[in-house]
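Student: Quick one: structure below, then a few questions.
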Amino acid sequence: MYLTEPRLTDIVKKQFLYKLNAYTGVFSSLLIMQLIGLFFGFNTGGGSSGSESLTINWRSLSGDMAVIFTLFWAFSTGILITTLAYRNDAFSFVSTRLSHHVSSFLFLLVMSCIAGITAPLASSVIKLISLFQHNAVFIETSGLFASPVDFFIRIATAVIYTILFAGFGYVIGSLIQLSKLVIPFLVIGLFILPLFNISGTGFIEYMVIFFGFETSLLIFLVKVLITVLVLFAISVAITNKTEVRK
Amino acid sequence: MTVIKFNNVTKSYRTHSVLDHMDFTIEEGVLTGVIGRNGVGKSTLMKISAGYIQATSGEVQVFSENPFNSLKVSANSILVDDTMSFSDKLSLSDILKEANRFYLNWDAQLAQRLFDYFSFHPDVRHKHLSKGKKSTFNAIIGIASHCPLTIFDEPTTGMDTAVRKDFYRALLKDYIANPRTILLSSHHLEEIEDLLEDILLIHDGKIRFHGPITDLQEMLVKLVGKKVNVLAHTSKRTIFGSQVNGAYSEVLVENKFTADEKIRLSEEGIKMIPVSANDAYVALTTGAKGGIDDVFNRTATD
């Protein structure tokens, strides 16, 4: 029996295709999350005002909820695919820890693109349904034909944010795989310490300023790209000694 | 060519060690049975060889590489055991297709024939299979992958007698048609002894015996005769097991008798009876605690 000399890229490709087939649960959870987002987007606010002769009833609709739910999905999917069950599935066939990470990451990247593109489109669905209900739409975010550049920027931003959240989920999932003790430390570090206004602990606040206040799409893209690469390198480094199928 | 080489390998967990300074080599194209009692480190040895877990100290080489994180070892080896898991989004026939993609030597026709023979339904999910069916399916993957290093860890768990026999026969036929290095572990040596060429006998984290199965059979001999006569011959030897039946006694000792001694044995009416590989295995792996009888004897006297 002759020995095969596999190439990393070759195995990564096979694993990536395998994961597209095996992780279809990730697709369906995305669909459900975006539907929930749509549902909540139909009524983000409303009210009525008027005098004796005139009453105005208004209702606001938003596609933002679909995007927010998509980001939540990206974060939890990032965590999910680092769990033991997913890892053992991968190691039932040819795999090393590195090839497993790279293929998982490519999978997250592709899924984030799909999720990031479909999330803003959800607002079109909301508008469409609203039109069928014979409601007049007064103020709206410009669509593809009204302002194509804005439209594509919106999609690009959603995609990049989804990738960022998936990356954060992946590194946190990897940390949890290393030790369950990470969970209390994360909760204390991220949510509890900032409450006491200790300087240097407002990590989330800092992240919001760092990413959220960026006005240039290009710089934003570079920031996210570098962050995600760092997160990925951390994930690979901390789990490179992980034992599988024990 | 040497396929697996363990050099002074120790694997310890926080509280105890499983493998204790282990040295052995497995040569190419040999079907070796990894034999030992429960919990002696058979699975640990196999998982280290497959690169799933890492040795605490010592050097492990598979195909001249450290198997941990080696793509070459992963692509050329397969470990079949009950921790094999597959996504529940994949049907059994999907899993066979995936295996075909990953293993370059995959024999799709053989896989399909075995799949049909053991009457699997192509649309069933792996996790819905019964224990025995799961083992059978995993074994099909192990056989059809034709990996240069194929490792079966307790492959017959849950299989019924008929399927177990079929599996061993399938493995043997396929091994003859496609010679490769195979490790096969089992508690039941008597089931697989006809199949094996070599035996790697593990006891207390150490190699107790490694060599052809015939050597194991010839390693020990059973002396049967009058109690007094037998005692005279065995008092200075290591006794691996003994049983007293009235005035007669049976004693297992190492098969190291000179021609003179053999003549004296037969003069005194002591018979030398060959020992089966299974009896030798049990004798070699019985600890210092004596047999199960001792547990009850002590309780009676306490």
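Student: For the range A:73-152, state the average projected area of the convex hull of the C-alpha atoms over all orientations, rounded to one decimal in nm².
Tutor: 7.9
Student: Here's another thing I want to ask about it. Toward the positive end of the charge dipole of the protein assembly as shown, about the Cα centre and with charges on Cβ (Lys, Arg +1; Asp, Glu -1), which of A:Leu175, A:Val12, B:Leu223 goes farthest?
Tutor: Among A:Leu175, A:Val12, B:Leu223, the one farthest towards the positive end of the dipole of the protein assembly as shown is A:Leu175.
Student: Compute the relative contact order of chain B as a whole-number percentage, counting only Cα pairs closer than 8 Å that sit 6 or more residues apart in sequence.
Tutor: Across chain B, relative contact order equals 19 percent.
Student: Give the residues of the range A:155-173 whose amide nitrogen is closer than 20 Å to a point set 7 Å from the Cα of A:Phe213 in the direction of its Cβ.
Tutor: Within reach of a label on A:Phe213, which here means backbone N under 20 Å from a point 7 Å along Cα→Cβ, the range A:155-173 contributes A:161.
Student: Let me ask something else. Can you grab the distance from the C-alpha centre of the range A:178-244 to the C-alpha centre of the range B:32-103, Å, no decimals?
Tutor: When both Cα centres are located, 34 Å separates them.
Student: Apply 1/(1 + (r/R0)^6) to the Cβ-Cβ distance of B:Lys262 and B:Lys227, taking R0 = 22 Å, and write down the FRET efficiency to the nearest 0.05. Before the final figure, lay out each step's value.
Tutor: On the way: r = 20 Å, r/R0 = 0.91.
That gives a FRET efficiency of 0.65.
Student: Quick one: if the Förster radius is 25 Å, what FRET efficiency do A:Tyr2 and B:Arg169 give, using the C-beta to C-beta distance and rounding to 0.05?
Tutor: 0.45
Student: Of the residues B:Thr32, B:Thr56, B:Thr181, which exhibits the maximal mean-square fluctuation in a Gaussian network model of chain B defined by a 10 Å Cα contact cut-off?
Tutor: B:Thr56
Student: How many Cβ atoms of partner chains, on average, are near each residue of A:13-24 if near means within 10 Å of its Cβ?
Tutor: 3
Student: From the phi of every residue in the range A:173-181, what ³J(HN,Hα) in whole Hz does the Karplus formula 6.51 cos²θ - 1.76 cosθ + 1.60 yield, where θ is phi - 60° and glycine or proline is x?
Tutor: Rounded to whole hertz, the list is x, 5, 4, 5, 4, 5, 7, 5, 5.
Student: Of B:Thr181, B:Ile207, B:Leu92, which is farthest on the positive side of the dipole of the protein assembly as shown, counting Cα position, with +1 on Lys and Arg Cβ, -1 on Asp and Glu Cβ, and the Cα centre as origin?
Tutor: Positive-most Cα among the choices belongs to B:Leu92.
Student: Using a Förster distance of 35 angstrom, determine the FRET efficiency expected from the C-beta separation of B:Thr157 and B:Glu218, and round it to 0.05.
Tutor: 0.65
Student: What residues qualify as long-range amide H neighbours of B:Val18, i.e. H under 5 Å apart, gap of 5 or more or another chain, H built at 1.01 Å from N?
Tutor: B:Lys11, B:Ser12, B:Tyr13
Student: Can I ask one more? Between 0 and 90 degrees, rounded to the nearest ten: what's the tilt of helix A:217-238 against the longest Cα principal axis of chain A?
Tutor: So the helix axis and the longest Cα principal axis differ by about 30 degrees.
Student: Sort A:Ser99, A:Ser51 so that the residue with the fewest other Cβ atoms within 10 Å of its own Cβ comes first and the one with the most comes last. Show your work: numbers first, answer last.
Tutor: Working: A:Ser99 24, A:Ser51 7.
The fewest-first ordering by Cβ neighbours comes to A:Ser51, A:Ser99.
Student: Highest GNM mean-square fluctuation, chain B, Cα pairs closer than 10 Å: which of B:Pro179, B:Pro67, B:Pro148?
Tutor: Looking only at B:Pro179, B:Pro67, B:Pro148, the biggest GNM fluctuation is shown by B:Pro179.
Student: Please arrange B:Leu252, A:Leu84 by how many other C-beta atoms lie within 10 Å of their C-beta, fewest to most.
Tutor: Least crowded to most crowded, the residues run A:Leu84, B:Leu252.
Student: Then there's this: What is the angle, in °, between the Cα long axis of helix A:97-132 and the longest principal axis of the Cα atoms in chain A? Nearest 10 is fine, range 0 to 90.
Tutor: Long axis of A:97-132 versus the principal axis of chain A: about 10 degrees.
Student: What is the helix-to-structure angle for A:64-80, meaning the angle in degrees between its Cα long axis and the longest Cα principal axis of chain A, kept from 0 to 90 and rounded to the nearest 10?
Tutor: 10
Student: Follow-up question, since we're still on this one. For B:Phe152, what residues show an amide H to amide H distance below 5 Å, using hydrogens built from the backbone and excluding near sequence neighbours?
Tutor: Those qualifying (amide H under 5 Å, at least 5 residues apart or on another chain) are B:Val80, B:Leu183, B:Leu184, B:Ser185.
Student: Only counting other Cβ atoms within 10 Å, I'd like B:Leu189, B:Leu184, A:Leu186 sorted with the fewest neighbours first.
Tutor: A:Leu186, B:Leu189, B:Leu184
Student: Here's something else I'd like to know. Select from chain B the helices, each a whole stretch of DSSP H, whose alpha-carbon atoms run 18 Å or more along the helix axis and whose Kyte-Doolittle mean is at least -1.0; answer none if there are none. Spell out each step's value before the answer.
Tutor: Numbers: long enough: B:131-144 (20 Å, 0.17); B:161-177 (24 Å, -0.15).
Going by DSSP H runs, the hits are B:131-144, B:161-177.
Student: Right, another one. Calculate the mean, over all residues of peptide B:270-278, of how many other protein chain Cβ atoms lie within 10 angstrom of the residue's Cβ.
Tutor: 0
Student: Pairs A:Lys19/A:Lys241; A:Lys19/A:Lys246; A:Lys14/B:Lys47: which exceed 25 Å Cα-Cα?
Tutor: Check vs 25 Å cut-off fails for no pair.
Student: With only Lys, Arg, Asp and Glu charged, each at its Cβ (+1 for the first two, -1 for the last two), find how big the charge dipole of the protein assembly as shown is about the Cα centre; round to the nearest 20 debye.
Tutor: Approximately 480 debye in magnitude.
Student: Say each of A:Phe152 and A:Leu221 gets a label point 7 Å from the Cα, pointing the same way as Cα to Cβ; how far apart are those two points in nm?
Tutor: 1.0
Student: Would you grab the residues whose amide H sits under 5 Å from the one on B:Val3? Only those 5+ places off in sequence or on another chain, please, with H modelled 1.01 Å from N.
Tutor: Result for B:Val3 returns B:Ile26, B:Glu27, B:Glu28.
Student: For the protein assembly as shown, what is the Kirkwood estimate of the hydrodynamic radius, computed as the reciprocal of the mean inverse distance between distinct Cα atoms, to one decimal in Å?
Tutor: For the protein assembly as shown, the Kirkwood estimate is 28.2 Å.
Student: What is the mean number of Cβ atoms from other protein chains located within 10 Å of the Cβ atom of each residue in peptide A:90-101, rounded to a whole number?
Tutor: Neighbouring Cβ atoms belonging to other protein chains average 6 per residue here.
Student: Sticking with the crude label model, points 7 Å out along Cα→Cβ, report the distance from A:Asn57 to B:Ser12 in nm, one decimal please.
Tutor: 7.7
Student: Now for a separate question. Suppose each label sits 7 Å from its Cα in the direction of the beta carbon; what would the A:Lys241-A:Ser142 distance come out to in nanometres?
Tutor: Taking the simple label geometry, A:Lys241 and A:Ser142 are separated by 5.6 nm.
Read the figures in this text as sums done on the coordinates, not as results from a lab. Remember, predicted model here, so these are calculated numbers, not experimental data. Methodologically, a virtual Cβ is constructed for each residue, glycine included, from the backbone with ideal geometry; neighbour enumeration extends over all protein chains shown.
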